[in-house]
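Shown next, in structure tokens, is the structure this report addresses.
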Amino acid sequence: MSLAVIKIMKHFRFNLGIPRLLPEWKKLFTTRDLKADSMAGITVACVALPLSLAIALASGVAPAVGLLTAIIASIVCALFGGAPLAVSGPAAAMSILIATIVESNGFSGLLIVCLTAGCMQLLSGIFRLGKLINFIPLPVIAGFTAGIGAIILIGQLPRAFGLPLPENPYIFSVLNHVWHLLPQVKLITVSLSFLTIATVFFLPRYFPRLPAVLIAVILPTLLAYLFKFPVETIGVIPNSLPLPKIPHLTTLEFTELFSDSFIVFGLASLETLLSCSAIDKLAKSKRHDSDQELIGQGLGNIAAALFGGIPITGVIARSALNVQAGAKTRRAAIIHGLVLVLVVYFAASLISQIPIAVLSGVLIAVALRMMHPREFIMIWHTDRTEALVYLATFICIIGFDLLAGIKIGILVALIIALFRMSRVKASIRNREEFGPTTIKLKGSLTFLSSTQLDSIKHSLQKNELKQGVIFDLSQLELLDTSGATQLLEIVKQLVTDNIKFALKGVTPEHNQVLNTLDKHDSQVLTSYLIYDENELEEIWQDNHELYGMGRLAYGAKKFKEDLESHQRNLFKKLEKYQHPHTLFIACSDSRVNTNLITSTEPGELFTIRNVGNIIPSYGIHEMHSEAAAIEFAIVHLKVKEIVVCGHAGCGAITALLSEETFSEEQKKKMPSLRKWIKLAWEVKDKLPPGISLKKAVQFNVLLQLENLKTYPIVQEKLANGQIRLHGWYYNISTASLNEWDEKQNMFVPIGTLFTRAMEQNMQAGVQFQSFYVAENSAKK
């Protein structure tokens with residue numbers, strides 16, 4: 001067997017994940033956490049019992065089927081699932097879909113759908129497709145859930161009112177049916193339903209630890225039994241579990257039911273994984289394994305079909321209750337199933353006395369919670385377009401059917417996403433006396449962007465463009481041939497009007513598209529590419545005497561408009577005080593931007609910059625500002641790290657290596673520079689002949705680290721472990737940083753020492769909390 005095949009076999013879970021589950025299965029036979037799991041399992045069973053009966057009723061099957069399904073699902077999914085504290089069983093969100101399948105294809109057709117959907121889930125888990133389920137938009141899920149809630153609510157009204165069921169189960173037919181039969185409403189039935197709903201909603205407010213749903217069923221059932229109310233009850237409940245058998249299957253049935261199976265597979269998987277994500281947050285434990293959970297759900301649905309049950313999912317309400325009740329392992333969900341088994345064998349006659357109206361009341365309470373109007377209000381305030389997806393899904397589910405609602409919801413979401421992706425946002429900044437007008441394009445410039453580009457043309461016509469136009473494409477995510485062609489048309493118009501232009505921030509991907517166009521248009525675009533605005537004079541062949549100051553004035557205005565609005569709180573804080581963590585010593589070279597290369601915010605770095613990143617030794621005759629800055633940073637600001645950073649192509653080190661760097665005339669005009677560079681003259685004395693500039697720069701970094709150690713305050717803090725010194729080298733062309741490694745006696749990629757320290761601490765069994773050592777802990 002080839003290595004590729006072996007890798008594939010290891011990647012996929014043909015072993016159903018059993019080797020990973022074995023350690024957890026062994027824990028099931030210990031007494032550790034047995035009490036906590038038992039209490040949680042019994043608590044969840046008290047809630048699952050009435051809910052399973054009620055959901056079966058809403059699904060168009062016998063209530064006993066719901067109880068059987070809860071037993072099978074809870075045990076199988078708990079053993080093989082990827083979320084140890086999740087509880088599976090029949091779910092209200094699936095009930096209307098199940099009822100539709102039963103009405104169209106009968107109960108035998110439902111069993112085939114359940115079996116097929118289970119096989120799909122099992123294969124999805126084996127081939128590790130669990131994450132693909134997350135591509136369904138959340139507004140579609142929310143709209144679907146609310147729509148199901150509305151259908152359950154209206155569908156249970158005839159039972160809650162004691163009326164005969166309508167022939168047509170669709171929502172408008174049910175409403176019309178109830179309206180015409182209002183005079184026949186039975187007050188006793190309505191009272192039992194209302195008492196159930198009130199108990200479900202109000203009991204948790206005053207007694208949150210009591211199983212509200214179970215009490216909501218027991219209380220009206222007792223009243224109906226004691227006073228012998230003439231109401232319809234559940235009827236006979238089998239007092240044993242059936243043996244498994246394979247559903248009868250024909251080719252015709254399978255073809256007809258495959259689409260239903262796929263919908264059940266998608267919705268059940270989605271409901272399960274959403275439930276697992278919620279449980280991760282509640283339990284604050286290790287994240288669930290979505291692929292393993294699909295394997296468990298697949299086996300659960302297959303087992304449910306073989307025993308004559310209905311499709312199951314991971315249920316968030318029961319799972320959350322399991323966590324809140326103190327469950328520690330997957331044993332709690334298994335105990336919940338075993339408690340339900342005892343109920344079937346020893347309490348079937350009692351369950352048969354539950355009035356149908358009471359189960360309808362439970363379903364109405366569940367439906368009201370599923371509709372959850374606050375969720376829609378939150379989506380509305382967050383994003384109106386997502387609210388549109390929610391409404392489209394909700395209305396179509398109610399007005400047509402579940403499948404249509406899901407399709408329409410996803411279609412609307414895709415259309416909105418397409419328009420969002422295709423939109424290009426243009427901000428036009430007219431610099432006036434500060435230089436050329438800048439047009440910054442954000443988003444996607446594609447064939448769908450013609451409207452936005454037309455508005456750009458119109459805006460350009462209204463503005464005076466005497467000093468030219470810069471198109472800033474640095475934040476343009478997508479550029480296709482159509483979009484580039486439209487941009488070319490704008491540029492051609494500028495050329496016709498004798499207006500200068502330039503393209504800035506063009507990525508290599510965008511450059512390929514522009515090059516393709518320019519082969520046919522004499523390089524109208526690519527001839528005017530710039531990487532910074534200093535290149536404008538060269539390509540425009542202009543001499544802007546005041547351009548530098550204008551650029552700074554424009555930049556200051558842009559900074560205030562762009563950054564202050566987004567980081568206002570940060571700047572208010574920085575106005576009062578600074579608390580940098582690092583003293584960063586770098587060269588004055590314009591190509592070295594300390595915050596840019598370290599991706600740090602204002603206030604994080606206290607910076608010393610000079611020609612050659614030189615630190616004079618302590619105690620020399622002249623007083624230097626570097627010494628003052630070092631003492632201020634260490635004593636007053638209490639920095640923990642000091643970095644000396646050299647860079648490629650350093651002019652100061654180049655001048656050290658070669659006397660011919662400057663002409664004699666320049667040397668006469670720069671006596672201070674020559675005197676300053678002599679501070680690093682010992683670098684040259686220690687360098688071998690013919691050394692490269694890169695090695696010389698790196699050697700200079702190490703020399704400045706040694707000079708730092710001559711300062712008494714640095715020596716004191718180093719001895720106490722309160723600061724650390726780092727030597728860095730910045731390669732400008734590759735935008736990469738290297739740091740000095742004393743053990744290897746060489747510069748290594750940045751982060752190597754950090755990773756090594758973390759690994760050493762982990763191997764020693766010490767929890768790695770921070771790479772920075774606090775001053776107080778160091779003193780201790």
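The values are calculated or read from the model by the stated rules, or taken from the named source; none is laboratory data. Note that the coordinates shown come from a computational prediction; the quantities given were computed from them, not determined experimentally. Here Cβ is always computed from backbone atoms with ideal geometry, including for glycine, and neighbour counts include all displayed protein chains. For the accessible areas, the whole protein counts, side chains as well, though only heavy atoms, and no ligand, DNA or RNA atoms are used. Shrake-Rupley method; radii C 1.70, N 1.55, O 1.52, S 1.80 Å.
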Self-check item: Residue satisfying all of: in region 14-34; open to solvent by 70 Å² or more (accessible area, probe 1.4 Å) and aromatic (Phe, Trp, Tyr); modelled with the lowest pLDDT among these
Solution: Phe14
Exercise. Sort out which residues of region 192-217 are buried (at least 17 other Cβ atoms within 10 Å of the Cβ), free of Cβ contacts under 8 Å to residues at least 40 places away in the same chain and not hydrophobic (A, V, I, L, M, F, W, C), and write them in order of number.
Key: Thr199
Exercise. Please list, ordered by first then second residue, the pairs with beta carbon atoms under 9 Å, 6 or more apart or interchain, first in region 372-383 and touching a residue at least 60 places away in the same chain (Cβ under 8 Å), second open to solvent by 90 Å² or more (accessible area, probe 1.4 Å) and part of a helix (DSSP H, G or I).
Key: Ile379/Leu138
Quiz item: Say we look at region 554-589 and pick out the residues that are assigned to a helix (DSSP H, G or I) and hydroxyl-bearing (Ser, Thr, Tyr); which of these is modelled with the lowest pLDDT?
Solution: Ser565
Quiz item: Which of (1) at pLDDT 90 or above; (2) surrounded by fewer than 24 Cβ atoms within 10 Å (Cβ to Cβ) is the odd one out, the single condition Val47 does not satisfy?
Solution: (1)
Quiz item: If a residue has to be assigned to a strand (DSSP E or B), open to solvent by 20 Å² or more (accessible area, probe 1.4 Å) and either in contact with a His (Cβ under 7 Å, 6 or more places away or on another chain) or modelled with pLDDT of 80 or more (or both) to count, how many in region 397-442 make the cut?
Solution: 2
Quiz prompt | Every residue from region 599-612 that is crowded, with 18+ Cβ neighbours inside 10 Å and modelled with pLDDT of 90 or more | solution = Leu605, Phe606, Ile608, Asn610
Quiz item: So which helices (runs of 4 or more DSSP H) stay within region 62-173 end to end and still have 2 or more residues that are in contact (Cβ under 8 Å) with a residue 24 or more places away in the chain and of a type in the set (Ser, Thr, Tyr)?
Solution: 63-80, 92-126
Self-check item: Qualifying positions in region 720-749 - closer than 17 Å to Val635 by Cβ, open to solvent by less than 40 Å² (accessible area, probe 1.4 Å) and among the polar types (S, T, N, Q)
Solution: Gln722
Quiz item: Which residues, taken from region 25-58, are assigned to a loop (DSSP other than H, G, I, E, B) and more than 34 Å from the chain's Cα centre (by Cα)?
Solution: Phe29, Thr30, Thr31, Arg32
Practice problem: Taking Phe471 as meeting all but one of (1) within 30 Å of Ile151 (Cβ to Cβ); (2) modelled with pLDDT of 80 or more; (3) buried (at least 20 other Cβ atoms within 10 Å of the Cβ), write down the number of the exception. | Solution: (1)
Quiz item: Given the conditions (1) crowded, with 19+ Cβ neighbours inside 10 Å; (2) farther than 24 Å from Pro169 by Cβ, which single one is not true for Met378?
Solution: (1)
Quiz item: Here are Ala367, Ala404: which of them is of a type in the set (A, V, I, L, M, F, W, C) and without any contact (Cβ under 8 Å) to a residue 40 or more places away in the chain?
Solution: Ala404
Practice problem: Within region 174-189, identify whether any single residue is in a helix (DSSP H, G or I) and touching a residue at least 60 places away in the same chain (Cβ under 8 Å), and answer yes or no. | Solution: yes
Practice problem: Taking the residues in region 671-719 that are at pLDDT below 90 and assigned to a loop (DSSP other than H, G, I, E, B) as candidates, determine which candidate is most open to solvent (accessible area, probe 1.4 Å). | Solution: Pro689
Quiz item: Which one is nearest to Gly555 (Cα to Cα), of the residues in region 435-486 that are touching an Asp or Glu at 6+ places or on another chain (Cβ under 7 Å) and among the hydroxyl-bearing types (Ser, Thr, Tyr)?
Solution: Thr438
Quiz item: Which pairs do you get when a residue that is assigned to a helix (DSSP H, G or I), found in region 12-24, comes within reach of a residue that is exposed (fewer than 13 other Cβ atoms within 10 Å of the Cβ) and modelled with pLDDT under 90, reach meaning Cβ atoms under 9 angstrom, with the pair 6+ apart or on two chains?
Solution: none
Quiz prompt | Filter result for Thr607 (over 25 Å from Thr710 (Cα atoms) and within 45 Å of the chain's Cα centre (by Cα)) | solution = no
Self-check item: Members of region 615-648 found to be part of a loop (DSSP other than H, G, I, E, B), over 24 Å from Lys576 (Cβ atoms) and in contact with an Asp or Glu (Cβ under 8 Å, 6 or more places away or on another chain), listed by number
Solution: Ile615, Pro616
Quiz prompt | Close pairs (9 angstrom Cβ cut-off, 6 or more residues apart or separate chains): touching a residue at least 60 places away in the same chain (Cβ under 8 Å) in region 712-724, aromatic (Phe, Trp, Tyr) anywhere | solution = Pro712/Tyr618; Val714/Tyr618; Arg724/Tyr772
Exercise. Could you tell me which residue of region 218-242 is least open to solvent (accessible area, probe 1.4 Å), considering only residues that are touching a residue at least 12 places away in the same chain (Cβ under 8 Å) and farther than 17 Å from Ile351 by Cβ?
Key: Phe229
Quiz item: Does region 117-129 include one or more residues that are of a type in the set (Phe, Trp, Tyr), more than 30 Å from Lys26 (Cα to Cα) and open to solvent by 10 Å² or more (accessible area, probe 1.4 Å)?
Solution: no
